[in-house]
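The values are calculated or read from the model by the stated rules, or taken from the named source; none is laboratory data. Predicted model, so just to flag it, every value in this text is computed and none were measured. Cβ atoms come from the backbone with ideal geometry, glycine included; neighbour counts cover every protein chain shown. Note: accessible area is taken over every heavy atom of the protein model, side chains too, but ligands, DNA and RNA are not part of it. Shrake-Rupley method; radii C 1.70, N 1.55, O 1.52, S 1.80 Å.
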Amino acid sequence: MKKRMLIGFALLAFAMQTKAQMQPIYLDETKPLEQRVEDALSRMTLREKIAIIHAQSKFSSAGVKRLGFPDFWTDDGPHGVRPDVLWDEWNQAGQSNDSCTAFPALTCLAATWNPAMARLYGRSLGEEALYRHKNMILGPGVNIYRTPLNGRNFEYMGEDPYLSSTIVAPYVQGLQSCGVSACVKHYALNNNEKDRSETNVIVSDRALHEIYLPAFRSAVQNGGAWAIMGAYNLYKNQHNCHNQYLLQDILKKGWNFDGVVVSDWGGAHSTDEAVRNGLDLEFGTGTDGLTKNTSNAYDNYFLAYPYLQAISAGKYSQDELNDKVRRVLRLFFRTSMRRDHPYGFLCSDAHYKAAREIAEEGIVLLQNKNNVLPIDLNRTRKILVVGENAVKMMTVGGGSSSLKVQHEILPLDAVKARVGTKAEVEYVRGYVGDTGGMQDGLSTGQNLKETRSAQALIDEAVQKAREADVVIFFGGLNKANHQDSEGDDRTDYGLPYGQDAVVKALSQVNKKVIFVCISGNAAAMPWKENVPAILQGWYLGSEAGSALAAVLFGDVNPSGKLPFTWGQKLDDYGAHKLGAYPGVKRANENIVDEEYKEGIFVGYRWTDKEKVQPLFAFGHGLSYTTFKLGKVQADKKEINKEDSISFKVNIQNTGSRAGAEVIQLYISDLKCSLPRPLKELKGFRKVFLQPGESRDVTITIGRDALSFYDDRISAWNAEPGEFEASIGTASDAISSKVKFTLK
Ligand code: GLC
């Protein structure tokens, strides 16, 4: 018996060993990726190759069933996993298992100035995507905040290329550590929503390379992004979803991007350009990739049957096709064909904790006169909460980043929960904004209907404010049309719905008004001098109310810093001062030319140059404690081009409670043959300190931090000469400087 068993095991081992040898290379995870790609490619038919480079449904593209490649599933968005839709619908499918965690909008993540939060964000979102069987998340967005009217700034990371570059990379790494691909968008120059599909951006090479591309480059070269989404707009008169310059010259040849270029939905407009200019995976909403739906729409996409026909007719060899297929196969092996990815979780405690921590670290304390904040419940009897944004859900709406959440804790509920019986909390509407609350067939279920007049609401609020110890006004924008939403921009810089009148009236009868701005954009605040406390509250997702209440009542010490300049008025932004927004429609053509006349002078680069005093500066954010910075010291007086230089500064928490400060390093090129901004952010470090604790912080930079894009030689260059490093806690709060020389 024993002998027969041994023989049996031996035969089994031999069979398994043979099977392993028989296993095709592309299925053998021990083989190098490129070998598996080539093996799979060599086995595919022409039709199979065409099938995997275009959508088969709203959010999926085909695998290669015959070879064991499953279908490939994508989903929005940057802040959480969008509810499932039916095969070829935009409206949600009404599932009962796709309510997600809504993480804070990306302006809030940027406002944390904390790369560790970005990695936590990406990882948590990746686990939600795994649970929902999504192979690629359509995010993050990193378009630069050029105008405060842009409807989608809330989905992006602000005005500064270095800050965006430093936050996007760990987000991508965290997400992709789950075997879920990022799809960094919208590449490139998609800086406003108005006329987004017709806008042809005219921009200098310097601004393109110094301002608008760095975050995408960092996502690819530091983050290792496996996919990039082409934008709707045009550059050099070519649609960005098949743009020779952006996709071939810069992304694939210049940055060695080995991933997939995905079109925005309906962003492809030409088979020939899509074939030749580097589009790899076409998604859309109908036959011609645009909005027209006919039967069997997906086979008529530009990279579908028309491309197959053209190859069969000899118009193209299979060279371009094979490059696209290699990239898509690489994406499959990195995601849908991976067996070793972690488990997925939906709405786990860990994800709610992550959402809350990111929110708490991203909230920015903009103003706090007479230390009105944090609210001291030992000395507060009556709190009046005013404003629609105290009760309105913000996770639904805003376009493709809209989410169906398991819960969203609203500000009023969180304030009441936090206060408990320690004080009386009363709520009045104050104003009426958007009583909608529906997106893609998904409703918030809230009834915000109001029949009273605006004046009646103001009178009620004023009357209550007279008797309150403190008034918390929740206002701002709300992701309704033209109020921070995809597809359109704001039409003016002021707060909508008559909020200014309400805030003004309240501030006349109560000296402790706290304005909490729920928005993804800056807005005018004509009443700023009469309102002691102002908090930037962002769109914070599922844990919004909890995070806001924690900061308002001092359980959390705010440490957020603005990722964009907060102008007094529109003309504080170069794009508006120079009349460079919106674009100008061409006669007889459906094209809008938008020339970025401000060039590299975006945000604080503009206000520094024009000596404009913004309401709040880039990098600004207060704390409930105080910090003291020592004098910055450099470890070298002069450096060669290949050297690095380190700047050391001591920081002390001189207040009575723990807190975090962001030390910011700006570099000035004191003499250059081309115009350069007065200073540019080139390093930062967030430091958490106990009361009284001090720490030496060192920030090291290399030649890259001294370089500018020299359009005379179409390359980055650092000119020898004198430079100056400025260290501070905001772009307008520089505490010390030190000069050094590049030899
Ligand atoms: C939208 C957006 C893009 C989104 C895609 C799918 O038009 O521009 O960000 O991921 O289509 O919804």
For the range 478-489, Karplus-derived ³J(HN,Hα) couplings (6.51, -1.76, 1.60; θ = phi - 60°; whole Hz; x for glycine and proline) come out as 7, 6, 6, 3, 6, 10, 6, 8, 5, x, 8, 10
So, with points 7 Å from each Cα along the Cβ direction, the A634-E724 label distance in nm works out to 1.2
Output ordering of 31-44, 307-320 (per-residue mean of other Cβ within 10 Å, highest first) is 31-44, 307-320
Taking Cα atoms only, helix 2-22 is inclined relative to the longest principal axis of the chain by an angle, in degrees rounded to 10, of 80
For the chain, longest principal axis from Cα atoms; helix 161-176 axis from its Cα atoms; angle between them, nearest 10 degrees, is 50
Amide H contacts under 5 Å for V405, restricted to residues at least 5 apart in sequence or on another chain and with H modeled in the peptide plane, are C100
Env charge @ S165, Cβ radius under 14 Å, K,R +1 / D,E -1, value -3
When the charge dipole of the range 625-742 is computed with +1 at the Cβ of Lys and Arg and -1 at the Cβ of Asp and Glu, the Cα pointing farthest to the positive end, of S736, P675, T625, is that of T625
Simple spin-label estimate for S656/L674, 7 Å along Cα→Cβ, in nm, reads 5.3
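What is the percent carbon and sulfur in the accessible area of the range 1-120, measuring with a 1.4 Å probe over the protein chains and ignoring ligands?
63
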Given 624-631, 420-427, 192-199, 147-154, the highest-first ranking by average Cβ count within 10 Å works out to 147-154, 192-199, 624-631, 420-427
Counting only residues 5 or more apart in sequence or on a different chain, those whose built amide H sits under 5 Å from that of I639 are T741, L742, K743
Straight-line reach check, K512, cutoff 15 Å on alpha carbons, 8 or more apart in-chain or any other chain, hits among aspartates and glutamates -> D376, E467, D469, E529
For E357 the rounded accessible area (nearest 10 Å², probe 1.4 Å, non-protein molecules ignored) is 60
Computed about the Cα centre, the charge dipole of the chain from +1 Lys/Arg and -1 Asp/Glu charges at the Cβ has a magnitude in debye, to the nearest 20, of 1760
Of the listed pairs K569/K609; K569/K631; K628/K686; K134/K353, those with alpha carbons more than 26 Å apart are K569/K631
Once Lys and Arg are counted +1 and Asp and Glu -1 for all other residues with Cβ under 14 Å from that of N237, the total becomes -4
Going through K577/K679; K65/K252; K194/K585 one by one, the pairs whose alpha carbons sit over 23 Å apart turn out to be K65/K252
Percent of all alpha-carbon pairs of the chain at distances over 36 Å, whole number, is 44
Phi-derived 3J(HN,Hα) across the range 133-143 with the Karplus relation (6.51, -1.76, 1.60, θ = phi - 60°), rounded Hz, x for Gly and Pro, is 6, 9, 8, 8, 9, 7, x, x, x, 9, 5
For the chain, the longest principal axis of the Cα atoms and the Cα long axis of helix 319-334 enclose an angle in degrees, to the nearest 10, of 60
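Excluding P342 itself, what net charge comes from residues whose Cβ is under 11 Å from its Cβ, given Lys and Arg +1 and Asp and Glu -1?
Local net charge: 0.
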Computed over the chain, protein heavy atoms only, probe 1.4 angstrom, the accessible area per residue in square angstrom equals 37
Taking r as the C-beta separation of K511 and F345 and R0 as 41 Å, the FRET efficiency to the nearest 0.05 is 0.30
Surpassing 23 Å at the alpha-carbon level, of the pairs K637/K682; K185/K315; K369/K504; K611/K682, are K185/K315
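From largest accessible area down, sort H133, H239, H341; use a 1.4 Å probe on the protein chains.
I get H133, H341, H239, largest accessible area first.
For a test of the definition: using alpha carbon positions, the gyration tensor, and the 1.5 limit on a/c, classify the range 181-228 as rounded, prolate or oblate.
On the way: a/c = 3.45, a/b = 1.42, b/c = 2.43.
Judged from the Cα gyration tensor, the range 181-228 comes out oblate (a/c at least 1.5, b/c at or above a/b).
Kindly provide the helix-only [θ] at 222 nm of the chain, computed as the sum of -39,500 (n - 2.57) over DSSP H runs of four or more divided by all residues, to the nearest 500 deg cm²/dmol?
Mean residue ellipticity, 222 nm, calculated: -7500 deg cm²/dmol.
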Filtered hits (aspartates and glutamates, Cα-Cα < 16 Å from K528, offset >= 8 within chain) -> D500
Here the residues of the range 165-181 lying in the modelled label zone of A116, meaning backbone nitrogen under 19 Å from a point 7 Å along Cα-to-Cβ, are 166-175
Once all protein chains are kept in place, K739 shows an accessible area at probe 1.4 Å, nearest 10 Å², of 100
Under the 7 Å Cα-to-Cβ spin-label approximation, R379 and E38 lie apart by a distance in nanometres of 7.5
Restricted to pairs 8 or more residues apart or on different chains, the lysines in the range 391-479 with C-alpha atoms under 24 Å apart form a number of pairs equal to 12
Taking alpha-carbon centroids only, the range 206-284 lies from the range 29-79 a number of Å equal to 20
The FRET efficiency for Y245 and A13, from their Cβ-Cβ distance with R0 = 45 Å and rounded to 0.05, is 0.20
If every Lys and Arg gets +1 and every Asp and Glu gets -1 at its Cβ, then about the Cα centre the range 625-742 yields a dipole, in debye to the nearest 20, of 360
The Cα radius of gyration of the range 332-442, divided by 2.2 N^0.38 Å with N its residue count, comes to 1.46
A 1.4 Å probe over the protein heavy atoms gives the range 150-257 a carbon and sulfur accessible-area percentage of 43
Highest mean packing first, using Cβ neighbours within 10 angstrom, the peptides 538-549, 692-703 sort as 538-549, 692-703
Straight-line reach check, K58, cutoff 15 Å on alpha carbons, 8 or more apart in-chain or any other chain, hits among aspartates and glutamates -> D71, D75, D76, D84, D88, E89, D264, E282, D288, D299, D440
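Return the carbon/sulfur percentage of the accessible area of the range 625-742, one whole number, probe 1.4 Å, all protein chains in place. Could you put the intermediate results ahead of the total?
Values: 2490 of 5220 Å².
So the carbon and sulfur contribution to the accessible surface is 48 percent.
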Karplus-derived 3J(HN,Hα) from phi for the range 406-412 (6.51 cos²θ - 1.76 cosθ + 1.60, θ = phi - 60°), whole Hz, x at Gly and Pro, runs 6, 8, 9, 7, 8, x, 4
